[in-house]
Structures are given as C-alpha cells and as structure tokens.
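What follows is a short report on a single structure.
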Amino acid sequence: MTRTSSPFDPSALARSVPRYTSYPTAPHFSAEIGPETYARWLDELPKDAALSLYLHIPFCDDLCWFCACRTQGTKRYEPVGRYLDRLEAEIAMVAGHLGGAHPVTQVHWGGGSPTILKPDDTLRLRGTVLRHFPRAREGEFAVEIDPRDMSLARLDALAEAGLTRASIGVQDFDERVQKAIGRQQGYEMTRDVIAGLRERGVTGVNVDILYGLPGQTRESLHRTIKQVIGLRPDRIALFGYAHVPWMAKRQKMIDESLLPRPDARRRQSALAAGILTRAGYEAIGIDHFARPGDSLAKARDDGTLRRNFQGYTVDPADALIGFGASAIGCLPQGYVQNDATTSTYQLRVEAGVTATRRGHALTLDDQVRRDAIEQILCQFGLDIAALAARYGDFVQPVRDKAAGVMEAAPDGALAPWRGGFRIDPEWRHHARLIAAEFDTYLAAQPARHSLAV
C-alpha cells in the first residue's frame with residue numbers, strides 16, 4: 001500500500017485495505033509451507049486443543065457476478081459427488097494426525113453453496129465429520145445457505161444433521177440491483193426458507209447485506225434493510241461490495257459505470273448502520289450487528305470478541321482446521337491454505353497427501369501485530385499493556401507505531417488508553433485504515449484489496 005495520506009484523512013476512505021480476517025493476509029502466504037509442514041503442525045497440537053472445523057464446498061448452480069469467493073458453476077451433480085469423496089478422504093487424513101479426542105467448538109460449511117448437496121449427501125458429510133471428530137456434536141453447526149437451492153427435503157436434511165445456525169446471503173432485494181449482479185432471489189423465497197428453518201428448530205439466523213452494489217441507491221438499500229429487519233435475524237452482516245475483477249473474473253460482467261462512487265458508498269454505509277441501530281440491533285465491530293443479548297454482543301462487552309475467516313466470532317478454538325479446495329486453516333504455528341483449483345486439490349488428496357499449497361509460519365512480531373490488529377477491529381482500541389503482559393519486549397515496535405498514529409490523529413479521534421488508544425465513535429469507520437498502519441507486509445509488498453468503506 002502506498003501511503004499517500006494519513007489514515008484519518010477523509011480521502012483515505014477511498015483507499016484499498018484488507019478486511020483483516022487474518023494477519024498476515026492471504027496474499028502474503030508463500031509456497032514454503034506445504035504438506036510436510038502442515039502435518040508436523042497438526043502432530044504438535046496439544047491433545048486438549050479445541051478445534052474449529054471449516055468445510056468448503058466450491059460449487060454453485062449459478063455463479064453470481066458480484067461474488068469473489070472461490071467457486072465454480074455446475075449444471076451436473078457428478079462433479080459435486082466426486083469432490084465429496086475427496087473431501088471425506090481429506091477429513092480422514094487430517095483426523096489421523098489429530099485423533100478424535102479434541103473438543104470441537106464449531107463446524108462451519110461454506111462455499112460456494114453447501115446447500116447444493118443432495119439431502120442424502122448432507123447427512124453423509126455430517127456423518128463423516130462426526131465419525132472422525134465425535135465431539136463436534138457438542139459445538140455449533142453453521143451452514144451458508146442459498147435460498148435458491150432449498151427444498152423441503154434439503155431443509156429436513158439440515159435439521160436432521162443438527163444445524164444450529166444458518167447464514168443467508170441477501171445482498172439486496174431490489175430487482176434492478178439483482179439483475180445487475182446476476183443473482184435473482186426474491187424476498188418471499190428468502191422469507192419462506194427462514195420460516196422453514198425455524199419450524200425445524202434452527203434458532204440461529206444470520207443475514208448478509210451488501211452496500212456499494214451496481215445500481216444500488218439509498219432508497220433501494222433502505223427498503224432491503226427494512227425487509228431484512230422484518231425477518232428478525234439474530235445477526236446481520238453489512239459488507240461493502242468488494243469490486244476486485246482482477247481476482248474474480250466474473251465481476252467483469254458488472255457494469256462499472258453503475259457502481260456508486262466512494263462518497264455514495266459511505267453514505268449508504270452510514271444510512272444502513274443508522275437504520276439497524278434504530279431498529280434495536282447493536283453494532284459489533286466494523287460490519288456486524290446483533291440483537292441485544294446475542295453472544296456476539298456479550299463478547300464485544302467482555303472483550304472476548306474475535307475475528308477469523310468467517311468474520312466476527314465468539315469461537316474460542318485454539319486452531320481452525322480447513323478442509324476442501326482453497327480452504328484456509330489457522331494453527332498456533334501459522335496459516336495453511338489448500339490448493340485453490342478443485343481438480344488439483346482432488347489429485348493431491350488422491351495421492352495420499354494433504355492439499356496444502358501455501359501458508360505462513362508466524363513470527364513473534366507477527367503474533368504481536370495480529371493481536372493488535374484484532375484488538376483494533378474488535379474493540380476499537382489498542383491495549384498495549386495487555387500485549388506487553390503477553391509478549392514482553394517484542395511489543396516495542398507496536399508501541400512505537402501506536403505513538404506515531406496518535407501523534408498524527410486529529411484532536412478527539414484517539415484517546416490514550418492502557419499505553420495505547422481508543423478510537424472515538426465518530427472515527428470508527430477509519431478502523432481498517434488505522435489497523436493497516438500496523439501491517440508491515442502491506443507496507444513492504446502492496447496487494448490489491450477492497451475499499452476501506
């Protein structure tokens with residue numbers, strides 16, 4: 001990143017910076033970390049280490065133009081079935097290193113669209129996880145759901161599998177916006193799927209909304225948010241659309257002339273946040289909202305809120321184990337990522353090795369900066385005293401950087417706190433930019449990211 005302005009300048013909000021669901025971020029992973037390193041890291045995990053499991057299903061019936069996830073479209077089910085065989089083989093392979101005694105705090109299926117699975121295969125995959133990680137039954141079981149895939153049989157299968165939390169992408173209910181992003185999903189369809197989940201005992205419902213979409217206006221966004229509030233989700237994620245066509249080629253289908261300008265994006269973000277808070281939702285970090293009493297709100301208040309590849313979480317796991325093509329794992333020693341190409345991923349698993357293609361071994365400096373960035377994005381503050389208690393003298397570079405950030409801050413933007421600072425509520429939309437000041441990799445080797453707001 002070329003720092004042409006202070007993180008506090010209004011113009012800085014149009015800069016591209018990471019969302020920081022990891023540090024360092026994935027563009028800075030290297031091929032030096034491969035299957036052998038991953039196997040050693042798995043073997044070194046303490047037997048009582050709590051695990052979080054992520055399973056990636058990279059298939060969709062139809063590819064939405066706005067999506068930047070690692071996915072592929074398919075009109076036939078055979079490739080999905082073959083992939084499922086390899087995914088189960090990878091689960092067995094990794095479980096062989098870990099054993100079945102580990103506590104499992106959460107299992108998350110993402111994609112793509114995990115609900116592309118046939119009902120029997122949903123139950124089959126859930127059974128495979130529980131066979132190799134029997135304590136997974138005790139943790140949360142969350143699945144990303146595409147309402148366009150859903151049927152009564154799929155709803156029944158998810159309920160039978162023990163689903164506890166559904167994550168549903170809405171983006172925007174306006175038909176003109178949906179046409180511009182290649183995703184046709186009506187309000188009634190979404191309403192009926194949520195009702196079906198609740199009828200089957202699924203109590204946790206998350207909904208994702210996007211601002212900054214092509215053709216989106218303050219009025220269309222206002223209508224969508226009001227409709228979403230009427231669905232009574234427990235949590236709402238409000239993300240700025242990330243237009244990254246150099247990475248997600250399908251986004252070239254989007255007419256860039258229809259994209260809101262940075263100042264319009266900021267107004268949309270502020271409008272949406274205001275509507276949600278007036279409706280009783282509490283702001284969590286930079287882009288989440290939750291009902292009062294939700295575990296996310298409690299974690300924000302008691303300082304245990306965390307951030308990982310699924311965004312904000314209360315998951316206390318010691319390690320995140322990723323399965324499937326492009327899946328990322330996070331262990332105490334560092335990050336690992338599987339081969340992103342579905343065909344190559346499957347060939348690697350068939351060869352009897354994990355599909356680990358790249359990763360990053362964490363240094364002590366990485367760990368200090370990772371914790372500092374997480375504090376800034378979760379608590380809107382930097383607690384140098386807590387970092388020093390954990391890392392000792394290794395905290396000095398972060399302390400020095402914090403002093404420089406505070407010196408550059410406008411009056412009232414930052415308040416001194418525990419050797420570091422707290423961000424004033426009026427400046428919290430600059431949090432990603434402030435966090436980026438502590439990112440040495442971004443400064444040394446710029447990478448392309450989404451807009452700060």
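Any read-out appearing in this document is the output of simple, stated calculations on the displayed coordinates, not a laboratory observation. Quick caveat, the model's predicted, so the values are computed rather than measured. Cβ atoms come from the backbone with ideal geometry, glycine included; neighbour counts cover every protein chain shown.
What net charge do the residues around H132 carry, taking every other residue with its C-beta under 14 Å from that of H132, with Lys and Arg at +1 and Asp and Glu at -1?
Net local charge, H132 excluded: +3.
Expressed as a whole number of Å, what is the distance separating the alpha-carbon centroids of the range 143-182 and the range 91-129?
19
Relative to the present Cα-Cα distance, how much length would full extension add between A351 and R278 at 0.36 nm per residue of separation?
Taking 0.36 nm per residue and subtracting the Cα distance, the gain is 20.8 nm.
Restricting to bridges with both residues inside the range 177-325, how much of the DSSP beta-bridge set is antiparallel, in percent to the nearest 5?
60
Under 9 Å from the Cβ of F141, count the other residues' Cβ atoms, weight Lys and Arg +1, Asp and Glu -1, and hand me the total.
Cβ neighbours under 9 Å give a net charge of +2.
Which ordering of Y441, Y23 is given by a fewest-first count of other beta-carbon atoms within 10 Å?
Ranking Y441, Y23 by Cβ neighbours within 10 Å, fewest first, gives Y441, Y23.
As a test, work out the antiparallel percent of DSSP beta bridges whose residues both lie in the range 45-331, rounded to the nearest 5.
The antiparallel proportion sits near 25 percent.
Would you please classify the overall shape of the range 1-135 from the alpha carbon gyration tensor, given that a ≥ b ≥ c denote the square roots of the eigenvalues, rounded means a/c under 1.5, and beyond that prolate means a/b larger than b/c while oblate covers the rest?
oblate
List, in order, the whole-Hz ³J(HN,Hα) value for each residue of the range 86-101 obtained from phi through the Karplus relation with A = 6.51, B = -1.76, C = 1.60 and θ = phi - 60°; use x for Gly and Pro.
Result, rounded to whole Hz: 6, 4, 5, 5, 5, 4, 5, 5, 5, 4, x, 7, 9, x, x, 8.
Give the long-range amide H neighbours of I57: residues separated by 5 or more places, or on another chain, with amide H under 5 Å away, using H modelled in the peptide plane at 1.01 Å from N.
HN-HN under 5 Å from I57: G110, G111.
For K118, give me every one of the aspartates and glutamates with a C-alpha distance below 18 angstrom, ignoring sequence neighbours fewer than eight places off in its own chain.
Excluding near neighbours in sequence, the set is D61, D62, E78, D85, E88, E144, D146, D149, D156, E160.
If packing is taken as the average number of other Cβ atoms within 10 Å across a peptide's residues, how do 165-177, 77-89, 359-371 rank, most packed first?
Top to bottom by mean Cβ count within 10 Å: 165-177, 359-371, 77-89.
Please list the non-local residues whose amide H lies under 5 Å from the amide H of F141, H modeled 1.01 Å from N, same-chain partners needing a gap of 5 or more.
V107, T164, R165
Would you tally the net charge around L13, using a Cβ to Cβ cut-off of less than 11 Å, leaving L13 out, and scoring K and R as +1, D and E as -1?
Local charge sum for L13: +2.
Taking square-rooted eigenvalues a ≥ b ≥ c of the alpha carbon gyration tensor, is the range 45-198 rounded, prolate or oblate, where a/c under 1.5 means rounded and, failing that, a/b exceeding b/c means prolate?
In terms of gyration-tensor shape, prolate.
For K226, which lysines qualify as cross-link partners when the Cα separation must be under 18 Å and same-chain residues fewer than eight apart are set aside?
Excluding near neighbours in sequence, the set is empty.
What are the ³J(HN,Hα) values, in whole Hz, obtained from phi via the Karplus relation 6.51 cos²θ - 1.76 cosθ + 1.60 with θ = phi - 60°, for each residue of the range 45-53 in sequence order, with x given for Gly and Pro?
5, x, 5, 9, 5, 7, 10, 10, 10
Taking the beta-carbon count within 10 Å as an exposure proxy, list F323, F8 from fewest neighbours to most.
The fewest-first ordering by Cβ neighbours comes to F8, F323.
Checking the a/c ratio against 1.5 first, then a/b against b/c, what shape does the Cα gyration tensor give for the range 363-446?
Here the range 363-446 falls in the oblate category.
Under 17 Å Cα to Cα from K252, which lysines show up? Leave out anything in the same chain fewer than 8 places away.
K179
Can you compute 3J(HN,Hα) from phi for each residue in the range 11-21, using the Karplus curve 6.51 cos²θ - 1.76 cosθ + 1.60 with θ = phi - 60°, rounded to whole Hz and x for Gly and Pro?
For the range 11-21, the Karplus-derived couplings read 5, 5, 5, 8, 7, 9, 9, x, 7, 6, 8 Hz, x marking Gly and Pro.
Students often get this wrong, so try it: which of [x] 22.0; [y] 23.7; [z] 22.7 is Kirkwood radius over Cα pairs in Å as calculated from the structure shown?
Here Kirkwood radius over Cα pairs in Å agrees with entry [z].
Provide M93, M189 in ascending order of the number of other Cβ atoms located within 10 Å of each residue's Cβ, fewest first.
Ranked by crowding around the Cβ, least crowded first: M189, M93.
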